[in-house]
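Q: I have a structure I would like to understand better, so I am pasting it below and will then ask my questions one at a time.
The values are calculated or read from the model by the stated rules, or taken from the named source; none is laboratory data. In this text the structure is predicted, and so the values were computed from the model without any measurement. Cβ: placed from backbone, ideal geometry, glycine included. Neighbour counts: every protein chain shown. Heads up: the accessible areas ignore ligands, DNA and RNA and are worked out on the full protein's heavy atoms, side chains in. Shrake-Rupley method; radii C 1.70, N 1.55, O 1.52, S 1.80 Å.
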Amino acid sequence: MTINPQDFYQEQHGRGPGAAIEPTASEVKRGFTDHASNPSPLPKLYQPLTVRGLELKNRIVMSPMCMYSSHDGFATDFHLVHTGQYALRGVGLIIMEAAGVAPEGRITPNCIGIWKDEHIDKLRQIVNFAHSNKAAIGIQLAHAGRKASTTAPWLAKIRGPNADAAQLGWPNSVVGPSAVPYSEDSWKPNELSIEAIRRIQQDFVDATVRADKAGFDMIEIHGAHGYLAHEFLSPISNKRTDEYGGSFDNRIRFLVETARQVRAAWPEHKPLFVRLSVTDWVSPSAEIPAGGWTEEEGAELARALSAEGVDLIDCSSGGSSPLQKIPLSPGYQVPLAVAVRKHVPGILTGAVGLIDDAKQANDILEQNKADLVFLGRVLLREPNFALDGMAQLGTFAQYPHQYELGRKKVRLPPA
């Protein structure tokens, strides 16, 4: 058999970096570990999980995080290196950042997209690299709605928060369920017609097909943080009086219909996640008499999405109003995952938000508060989180074969 030199240095053996494996006698002798076997049972953070036809080697998920490093929606070498490092370093599931299903659905002109077939090739290269390192990889499908045509955070300090035409923005094409801006400083969106709603739903379906062609293992619909799907959910941004506004059933209609259409276009064996803002964190007040989207509504929406074939709710919050009052603290959104699990038996949930160390993450799982932990900014600070966390929990794991000599030695605490 002829060996492809590229396969030699790329393909990882076994289940790949970040997978729990028993140490060999040689590894014990060389000091990589002070114990001859892993804890039994394994810490849940490093137990595999199967969702439909996808087996995750551990329960660490990289949350989709915007990198603002694209032109015309194309992923670049930056995305290959940025995403690829987490495949090397043991993350079980990597979800690429919010990809616009339409050019005007991007948050900024520098966000990636998946609205045309030409985007597929670079995305496929990233997927192939992740797969060669035995990581599962997905992508988040998004439409920014009334929060579109803004500037990247570091550019906002220089140019202001909104991208006008001179900055390749599209202020006249910003849309939302109603003509209600996010804030006084935001673009005023154009209210979507029924025809335009149908067109955006088809954009999600077309993006789903492209994601499959690129080889992604799962997709996540972005229904959170004040972007389009969330804008339909929240009475703060949705003032419609037709079938897409008013009652709870009407306000959830856009997202439920979109999930149904995406599920039908997505292969049956591949998982579908939805990221939800389970609550707006906006109570009734003089400024917003009716208040915002509530935790009770978020949990009931999860039930409707489960009925449409959604496998997991990624439980986030906020983003619909500058008047939100978020009770920031370690793991502050974990109770939202618990609430969804209680309300919708059988659905999987992801916990996200200020989860910063392996013990905290493992405790969430061991206490059955969620099925997966989604990590964001901590991975930007600590890209080796998945491998270092093994040592913190007294567990032995596979390293990338190229990095084996740098393995952190596991020392068990004194008995």
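Q: Taking amide H positions as placed 1.01 Å from N in the peptide plane, with prolines and chain starts having none, which residues 5 or more places from ILE236, or on another chain, fall under 5 Å of its amide H?
A: Residues meeting the amide H criterion: TRP293.
Q: Have a look at PHE204, PHE216, PHE78 and tell me which one the Gaussian network model of the chain (Cα, springs below 10 Å) gives the largest fluctuation.
A: PHE78
Q: Roughly speaking, what is the centre-to-centre gap between the stretch 25-46 and the stretch 274-305 when only Cα atoms are used, to the nearest Å?
A: One Cα centre to the other: 45 Å.
Q: Alpha carbon centre of the stretch 203-259 versus the stretch 68-93: separation in Å?
A: Each part's Cα centre sits 25 Å from the other's.
Q: Please identify, among ALA130, ALA370, ALA264, the residue showing maximal mean-square fluctuation in a Gaussian network model of the chain using a 10 angstrom Cα cutoff.
A: ALA264
Q: Now for a separate question. Placing +1 at every Lys and Arg Cβ and -1 at every Asp and Glu Cβ, with all other atoms neutral, what dipole size does the chain have around its Cα centre, in debye to the nearest 20?
A: Working: 42 positive and 46 negative charges, 169 e Å.
It works out to roughly 820 debye.
Q: How much area per residue is accessible in the chain when the probe is 1.4 Å and only protein heavy atoms are counted (Å²)? Please list the in-between numbers first.
A: Details: 17100 Å² over 415 residues.
Per residue, the chain has 41 Å² of solvent-accessible surface.
Q: Could I get the Rg over Rh figure for the stretch 210-267? Both from C-alpha atoms, Rh via Kirkwood, rounded to two places. Working shown, then result.
A: On the way: Rg = 13.4 Å, Rh = 12.5 Å.
Ratio of gyration radius to Kirkwood radius: 1.08.
Q: With a 10 Å cut-off between alpha carbons and a GNM built on the chain, which of LYS147, LYS239, LYS134 moves the most?
A: Sorting by GNM fluctuation, first place goes to LYS239.
Q: Quote the Stokes-Einstein diffusion coefficient, in whole µm² s⁻¹, for the stretch 228-352, based on the Kirkwood radius over alpha carbon pairs, a temperature of 37 °C and a viscosity of 0.692 mPa s.
A: Roughly 221 µm²/s, to the nearest whole number.
Q: Let me ask you something else. Using the charge dipole of the chain (Lys, Arg: +1 at Cβ; Asp, Glu: -1 at Cβ; taken about the Cα centre), state which of PRO289, SER316, LEU354 has its Cα farthest towards the positive end.
A: Value: LEU354.
Q: Of the heavy-atom accessible surface of the stretch 193-287 (probe 1.4 angstrom), what whole percent is carbon and sulfur?
A: On the way: 1620 of 3280 Å².
After summing per-atom areas, the C and S share lands at 49 percent.
Q: Moving on. I'd like the carbon and sulfur percentage of the solvent accessible area for the stretch 288-395, probe radius 1.4 Å, heavy atoms only, ligands and nucleic acids excluded.
A: Working: 2200 of 4190 Å².
Here it works out to 52 percent.
Q: Counting only Cα, what are the radius of gyration and maximum Cα-Cα distance Dmax of the chain, in Å?
A: So, for the chain, Rg and Dmax equal 21.7, 74 Å respectively.
Q: Would you please report the Å³ per residue occupied by the convex hull of the alpha carbon atoms in the stretch 130-259?
A: On the way: hull volume 17.0 nm³, N = 130.
Each residue corresponds to 131 Å³ of Cα convex hull volume.
Q: Work out the P(r) tail for the stretch 225-299: percent of alpha carbon pairs separated by more than 17 Å, whole number. Don't skip to the end; give the middle numbers.
A: Numbers: 1328 of 2775 pairs.
Beyond 17 Å sits 48 percent of the P(r) for the stretch 225-299.
Q: Continuing with this model, one more query. Given the convex hull over the Cα atoms of the stretch 310-415, what projected area results after averaging over all orientations, in nm²? Numbers along the way, then the final one.
A: Values: hull surface 38.4 nm².
The Cα convex hull of the stretch 310-415, projected and averaged over all directions, gives 9.6 nm².
Q: Starting from the Cα coordinates of the stretch 20-81, work out the convex hull volume and express it per residue in Å³.
A: Details: hull volume 10.5 nm³, N = 62.
That works out to 169 Å³ per residue.
Q: At q = 0.12, 0.26 Å⁻¹, what base-10 log of I(q)/I(0) does the Debye formula yield for the stretch 147-223 when every alpha carbon is treated as an equal point scatterer in vacuo?
A: Evaluating at q = 0.12, 0.26 Å⁻¹ gives log10 I(q)/I(0) of -0.48, -1.11.
Q: Working from the pairwise distances between different alpha carbons, so that the mean of 1/r is found and then inverted, what is the stretch 1-157's Kirkwood radius in Å? Mind dumping the intermediate values first?
A: On the way: mean 1/r = 0.0566 Å⁻¹.
So the Kirkwood estimate lands at 17.7 Å.
Q: A follow-up question, please. Roughly what percent of Cα-Cα pairs across the stretch 57-101 reach past 13 Å? Write out the running numbers ahead of the final one.
A: Details: 546 of 990 pairs.
I get 55 percent for the Cα pairs in the stretch 57-101 exceeding 13 Å.
Q: In square nanometres and to one decimal, what's the mean projected area of the convex hull around the Cα atoms of the stretch 87-150?
A: Details: hull surface 18.0 nm².
Averaged projected hull area, Cα only: 4.5 nm².
Q: Kirkwood hydrodynamic radius, the stretch 359-399, all distinct C-alpha pairs: what's the number in Å? Present the calculation step by step, with values, prior to reporting the outcome.
A: Details: mean 1/r = 0.0899 Å⁻¹.
Taking every pair of different Cα atoms in the stretch 359-399, averaging 1/r and inverting gives 11.1 Å.
Q: Amide H to amide H under 5 Å from LEU56: which residues, 5+ apart in sequence or cross-chain, H placed 1.01 Å off N in plane?
A: Those lying under 5 Å, H to H, from LEU56 are LEU49, THR50, VAL51.
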